[in-house]
Structure formats: structure tokens, C-alpha cells
Amino acid sequence: MNTRRELPESPYLAAVAGRKPHRVPVWMMRQAGRSLPEYRALRAKNTMMQACFDADLITEITLQPVRRHDVDAAILFSDIVVPLRAAGIALDIVPDVGPVIERPVRTLADVEAITELQRDQVAPVAAAVGRLTTELADVPLIGFAGAPFTLASYLVEGGPSRHHEHTKAMMLGAPELWHALMTALTDVTIGFLQTQLDAGVDAIQVFDSWAGTLSLADYRTYVLPHSARVFAALAGYGVPMTHFGVGTAELLGAMSEAVTGHGTPAVVGVDWRTSLTDAAARVQPGVALQGNLDPVVLLAGWPVVQRAVRAVVDDGRRAMDAGAVGHVFNLGHGVLPATDPAIITDTVALVHEL
């Protein structure tokens, strides 16, 4: 394991650890992406998969929003299906569609064909992390991966899905097959995050984008043990760990269980449907919260943005009064492609003023 960087002035690292930052920290999911003209210029010459496996492009795209917006954390540019490609699964990221799996996973033979993560396949990711931790100076770098359930959903459905019918049918109707798949994907997720941590990332975030499609009972039975194993396996690195999902109001308590109890800073991301104050009452003690401006607000004009940003910052303060150990300002999901980059820059500046 690499020695961690010392970043004593980082507002992000202070907030997630329960210390008092000198300003409210802010970063945004998908801050490196289609809202930026400099990103679109690079992507015009490269497919998404090419960009995700090119150390130069990963480095440049990760740095773009830090340069432009003065955010308090960078998140590694990648995609949640990158480790699947490195585990022998044929797939592509199709523009305006998302990940498309060449052969959906439906049988035990399909599950057994999933190999361990081949670290040489993600060597460009590790190389980019090494460069970024030098380039970023005093800004922490967040590594990330998709959670096993969300990866399973893409694999079983063959791509994005509205109802996740094949996924839930396997989960409920063939539980042994399901847990075999989740075990394999948990190993892949751990391997991908270990690659990033060994290369020097300062924190990690696990995205369970589709967990909100589940009931609490099903989440606890079929998902929580596997997500919890991811965080338990990585706790020895001692970095802050964030668990995030969309539409997960009823799951926040269980999701916080997965990431707590390891002696490392634990963060739960909250989408815009749940107030931070309510989230503080649902999560385990000792958890910091991240969120939770509705991304669409950034399309509604500056007067609306100002009011909404102030409301989220105030809600974050109330959440800390209610027991949250810290608050990191973020969106409740990713930046939308149509967002004006100037609005993002102004939003970051406003949060810092508050």
C-alpha cells in the first residue's frame, strides 16, 4: 500500500472526518463530463471506452473541473463498467444508451466465466492516479467503483433497464445463482478499488445507482452483505469511504451500516428526494452526509440556484445539529449535460462564501 498524502488543509477531508473545515466543501458527481466544452472536445476524438483506458485522457479529464470550478475534491474519470471489461466481459458504452453487454449473464456458466480483475488491464487507471496525486497538490482525489448490485443489473439485463425484471427475477427466483454472481462482482469491485488505493487515491466512493429499485427487506437480504464486504475489505487503507445510491430514502440506514464500524471516516450520499436532516436521523451514528441539490435546479436560472444552494447548506447545518458529523455539498445525482459550466462555477463560489 502506498503512503497516503498529507492534506491538512482539505475542507473535504476535514468535513468527512468530523473536523471543522474552513469552508463548506463542495464537489459534484459527473463534474468531469459533458457539461464542459473542453471535455466534449476530447471526446469528439475518442470513444468513452478509449478515454477510460488511456492514462493521459483520464488525467486530463479528471483535472478539467478542478481547474475550471475550484471544487474541493476531484473524482477519478472512469466508468462503473471499466472493471467488468478487465474481468473478461465483452461490453461497450454506447452513446445516448449506456453500457451494453454483448452476452447477458443468466446462467451459472455465465457467472463462472467472470474472471478475477486483471490488474494489467487497468494499469492506465493506476498510472493516471499516480499522476493526479502529483498534479492535484492539496486537492484530494476520490476513487470510485460501481457497487455489486448495480453491476449485476447491467450484466443480467444486458444494459440499462427501467424495471430490472431479469435482475429481480434471478435475485428472488434463483438466490444461489444470484449470490454467486454477487460474490464474483464483489471480488471485482474490491480489486478495482484496491488498484486505485494502491496507486494513491485519497478517498473512495461506491455508486449503487440502481439500489433504489429494491425494498428494504430485499436490499438487506440480497445486496447489503455484498456491499458491506466491499467496505470491510478496504477499511485497512484508512481512507474516507462514501456509499451513494439514487432513490434510496428507505435504504439509507442499511446503506450506512455497510460503510460504518471500520474506524475510518464514513459518508452516505443523499439524493434530492430526502432532506439531509431526515437522512441524519436514518443513518448510523458517526456518519457524514453528502448532497443533495437537485441537478435540474442548475438549469433553472441563477436566482433559483441561489435560493436552493442556501437551502441545502442550511439543511446540512441542521443535519449536523441532528447528529451528522459533517456535510459535503454535492448534487443529488450527476451534473446534467445541458448545464452551463458558468453556473457550476458560480455555485461552487457561493457554497464557499456560505
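Residue count for segment 14-65 under the criterion of being under 22 Å from VAL348 (Cβ atoms) and outside any helix (DSSP H, G or I): the result is 19. Which numbered condition in (1) within 24 Å of ALA32 (Cβ to Cβ); (2) in contact with a Gly (Cβ under 6 Å, 6 or more places away or on another chain); (3) surrounded by fewer than 21 Cβ atoms within 10 Å (Cβ to Cβ) is the only one that LEU117 fails? Against the list (1) within 24 Å of ALA32 (Cβ to Cβ); (2) in contact with a Gly (Cβ under 6 Å, 6 or more places away or on another chain); (3) surrounded by fewer than 21 Cβ atoms within 10 Å (Cβ to Cβ), LEU117 comes up short only on (3).
Flag: ALA266 does not match the condition of being closer than 20 Å to THR183 by Cα and under 17 Å from the mean Cα position of the chain (by Cα). The set of residues in segment 19-71 being among the basic types (Lys, Arg) and more than 17 Å from GLN205 (Cβ to Cβ) consists of ARG19, LYS20, ARG23, ARG34, ARG40, ARG43, LYS45, ARG67, ARG68. Annotation: ARG23 fulfils all but one of (1) closer than 24 Å to HIS333 by Cβ; (2) basic (Lys, Arg); (3) at pLDDT below 95; the unmet one is (3).
Within segment 83-96, residues that are assigned to a strand (DSSP E or B) have Cβ atoms under 7 Å from residues that are among the acidic types (Asp, Glu) and modelled with pLDDT of 85 or more in these pairs: LEU91/GLU102; ILE93/ASP79, counting only partners at least 6 apart in sequence or on another chain. When the residues of segment 259-304 are filtered to those that are touching a residue at least 24 places away in the same chain (Cβ under 8 Å), out of contact with any helix residue (DSSP H, G or I) (no Cβ under 6 Å at 6 or more places or on another chain) and among the aliphatic types (A, V, I, L, M), the one that is nearest to ASN330 (Cα to Cα) is VAL296. PHE149 falls short on exactly one of the conditions (1) in contact with a helix residue (DSSP H, G or I) (Cβ under 8 Å, 6 or more places away or on another chain); (2) not in a helix (DSSP H, G or I), and that condition is (2). Could we say that ASP70 is at pLDDT 95 or above and surrounded by fewer than 18 Cβ atoms within 10 Å (Cβ to Cβ) here? Spelling it out, ASP70 is indeed at pLDDT 95 or above and surrounded by fewer than 18 Cβ atoms within 10 Å (Cβ to Cβ). For segment 134-143, name all the residues that are in contact with a strand residue (DSSP E or B) (Cβ under 7 Å, 6 or more places away or on another chain) and either at pLDDT below 95 or in a loop (DSSP other than H, G, I, E, B) (or both). Matches in segment 134-143: LEU136, VAL139, PRO140. Could you please let me know if GLN205 is of a type outside the set (Ser, Thr, Tyr) and in contact with a strand residue (DSSP E or B) (Cβ under 9 Å, 6 or more places away or on another chain)? The answer is yes for GLN205. Tell me, please, whether a residue that is modelled with pLDDT of 95 or more, surrounded by fewer than 16 Cβ atoms within 10 Å (Cβ to Cβ) and not β-branched (Val, Ile, Thr) can be found in segment 76-94. No, there is no match, as no residue in segment 76-94 is modelled with pLDDT of 95 or more, surrounded by fewer than 16 Cβ atoms within 10 Å (Cβ to Cβ) and not β-branched (Val, Ile, Thr).
Do any residues in segment 340-354 that are among the aromatic types (Phe, Trp, Tyr) have Cβ atoms under 6 Å from those of residues that are in a helix (DSSP H, G or I), where the two are at least six apart or on different chains, and which pairs are they? Pairs that qualify, where the first residue is among the aromatic types (Phe, Trp, Tyr) and the partner is in a helix (DSSP H, G or I): there are none.
Within segment 90-97, the presence of at least one residue that is among the β-branched types (Val, Ile, Thr) and in contact with a helix residue (DSSP H, G or I) (Cβ under 7 Å, 6 or more places away or on another chain) is confirmed.
The values are calculated or read from the model by the stated rules, or taken from the named source; none is laboratory data. Small disclaimer: the values here were computed from a predicted structure and weren't measured. Every residue, glycine among them, receives a Cβ derived from its backbone with ideal geometry; neighbour counts consider all protein chains shown.
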